[in-house]
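In what follows, a single structure is set out as structure tokens and then discussed.
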Amino acid sequence: MVEAKLETEVSKFMSYVLRHAPDAAGLTLDVEGWVSFDALEKAVASKYGVSRADILEIIENSPKKRFALVDDRIRANQGHSVGVDLALKAVQPPDVLFHGTSRISWSSIEREGLKKMERHHVHLSTDIEIAKTVATRRKGDYIILRVDAAAMFSKGHSFFVSDNGVWLAESVPVQYLSLDAGTP
Ligand code: HQG
């Protein structure tokens with residue numbers, strides 16, 4: 001059993017390396033974001049003094065299933081800022097998706113819609129509670145935005161879903177956004 005605090009630290013480091021800064025662990029991701037699990041294990045084990053079994057447990061316990069481990073290779077399921085192509089297939093979204101963010105961002109979002117900022121996509125969820133969790137990670141008041149995904153899809157916008165169920169879009173133009181009633 002890895003202690004909870006260490007588990008969070010290791011998980012955050014792996015997210016950082018696999019999404020944003022493979023260099024920080026001396027790694028290079030392939031075009032689809034994969035890296036040898038052995039190589040990642042070495043980097044994580046030497047930094048945190050954890051075993052391979054510990055790392056496997058952390059991956060398995062990741063509440064949001066942030067990592068995919070297939071054939072001795074690992075990648076982050078979503079959230080990248082480095083140039084990878086996850087080769088996700090475009091799929092029809094549910095009619096409504098949600099995005100939680102800080103209230104202070106609303107005036108800008110109202111002008112320009114949701115943009116992907118540093119990541120490759122705008123992140124959306126089917127579940128309003130997930131949007132609330134994302135929103136409340138930020139300081140201050142939050143808002144929950146409701147995305148009319150059905151209308152967007154009918155106008156030709158593409159949607160993707162990551163292996164861990166995060167919905168992804170290039171952007172969300174403002175006409176498809178409304179403040180959800182769940183906004184405090
Ligand atoms: C905001 C977590 C002003 C946007 C979660 C967000 C998620 C704008 C921030 C994942 C804007 C970008 C991603 C505009 C967008 N004006 N602000 N026009 N357009 N924004 O971190 O969705 O725990 O890139 O609202 O579960 O907050 O890391 O995106 O607040 O899936 O696995 O710009 O992070 O997953 O922030 O979070 P982020 P996010 P993990």
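The values are calculated or read from the model by the stated rules, or taken from the named source; none is laboratory data. Computed from a prediction, not measured in an experiment: that's the story for all the values here. Note that we place each Cβ from the backbone using ideal geometry, even for glycine, and neighbour counts take in every protein chain shown.
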* Structure fact -> Output for Cβ contacts, cut-off 6 Å, separation at least six or different chains, first residue closer than 15 Å to ASP85 by Cβ in segment 15-29, second within 13 Å of the ligand (Cβ to nearest atom) and assigned to a loop (DSSP other than H, G, I, E, B), reads ARG19/GLY79; ARG19/HIS80
* Asked: Is at least one residue of segment 76-84 in contact with a Gly (Cβ under 6 Å, 6 or more places away or on another chain), of a type outside the set (Gly, Ala, Ser), closer than 25 Å to THR28 by Cα and buried (at least 18 other Cβ atoms within 10 Å of the Cβ)?
  -> yes
* Asked: Is segment 8-25 home to any residue that is buried (at least 18 other Cβ atoms within 10 Å of the Cβ) and in a loop (DSSP other than H, G, I, E, B)?
  -> no
* To do: Could you grab me the full set of residues in segment 146-184 that are under 16 Å from GLY113 (Cβ atoms), surrounded by 15 or more Cβ atoms within 10 Å (Cβ to Cβ) and of a type in the set (A, V, I, L, M)?
  => VAL147, ALA149, MET152, LEU168, ALA169, VAL172, LEU177
* If we scan segment 31-48, do we find a residue that is crowded, with 19+ Cβ neighbours inside 10 Å, outside the structural domain of ASP127 (by TED's automatic domain parsing), closer than 25 Å to VAL134 by Cα and over 16 Å from the mean Cα position of the chain (by Cα)? -> no
